[in-house]
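The values are calculated or read from the model by the stated rules, or taken from the named source; none is laboratory data. This is a predicted model, so every value here is computed, not measured. Cβ atoms come from the backbone with ideal geometry, glycine included; neighbour counts cover every protein chain shown.
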Amino acid sequence: MLESVGPEGYVIRKLNQVRDSGETSPVRFEAIEIIEALILALVAVATAWSGYQAAQWAGKRAEEYGKASRLRVNAEGLATLSGQERIYDSDTFDSWLAAKLDGKADPFNNTQALPGPIFMPEYHNAKHEQFLGLTKQAADMADQGTKSGETGDQYVRITVLLATVLLITAIGQRFRFKSVRVIFMILAALLLCLPLWQLLLLPRI
């Protein structure tokens, strides 16, 4: 039957057992079984949501790492072009030759003179500036990918906690002593509060 498949089917079956048992089932266990069924229902829903979010954040991390890699490739290409422009910049020869002819400076004999116009504050290379901008974007994107991965890992840890709650509940159901079963039920309920609280606080996609 469909009711016997998965955690949801187990919860439905337990509720049906409580409903159909009538007077044959001890009254003191009915409330415990209902609470256990509710705990299992919450665990099932929270586990599904946590697994979904973990997969989403893992995909986002891969996407952001891919974007960062593409930005780095483009930045390296601009860096190469920028270096070539610096090497073959005709302004280097023209500017220093004009300074020599005008008598305003003597870069060939003055030890205080700058090595070339590219070292002057006024000098700007457009491709080099684009390279710096893309490099920063790549670093920022990689940081975002790292944060997305950390968020996904948190969802995975929540899933592990929920599995622990499920295990504790299942162990408690093996006992027919009311006091022991109540202890396991309270322990499972308290432990369930932690992953549920974390699910409320974590960012979602």
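General remarks:
- Looking across the stretch 138-155 at every residue that is surrounded by fewer than 15 Cβ atoms within 10 Å (Cβ to Cβ) and of a type outside the set (D, E, K, R), the one that is nearest to TYR65 (Cα to Cα) is identified as THR146.
- Options ALA139, ALA98, ALA105, ALA113; residue that is out of contact with any strand residue (DSSP E or B) (no Cβ under 8 Å at 6 or more places or on another chain) and at pLDDT 80 or above: ALA139
- Pairs, first polar (S, T, N, Q) and in a helix (DSSP H, G or I) in the stretch 63-77, second at pLDDT below 80 and crowded, with 16+ Cβ neighbours inside 10 Å, C-beta under 6 Å, six or more apart: ASN74/LEU134
- Within the stretch 155-186, the residues that satisfy the criterion of being within 36 Å of the chain's Cα centre (by Cα) and touching a residue at least 60 places away in the same chain (Cβ under 8 Å) are TYR155, VAL156, ILE158, THR159, LEU162, ALA163, VAL165, LEU166, THR169, GLY172, MET185.
- Taken together, the residues in the stretch 169-190 that are surrounded by fewer than 17 Cβ atoms within 10 Å (Cβ to Cβ), of a type in the set (A, V, I, L, M, F, W, C) and in a helix (DSSP H, G or I) amount to 8.
- Among the numbered conditions (1) surrounded by fewer than 18 Cβ atoms within 10 Å (Cβ to Cβ); (2) within 30 Å of ARG204 (Cα to Cα); (3) modelled with pLDDT of 85 or more, the only one that ILE34 does not meet is (2).
- Within the stretch 48-61, residues that are more than 15 Å from GLU150 (Cβ to Cβ) and in contact (Cβ under 8 Å) with a residue 24 or more places away in the chain have Cβ atoms under 6 Å from residues that are surrounded by 15 or more Cβ atoms within 10 Å (Cβ to Cβ) and of a type in the set (Lys, Arg) in no pair, counting only partners at least 6 apart in sequence or on another chain.
- The listed residues are ALA58, ALA75, and the only one of them that is within 20 Å of ALA142 (Cβ to Cβ), at pLDDT below 85 and of a type in the set (A, V, I, L, M) turns out to be ALA75.
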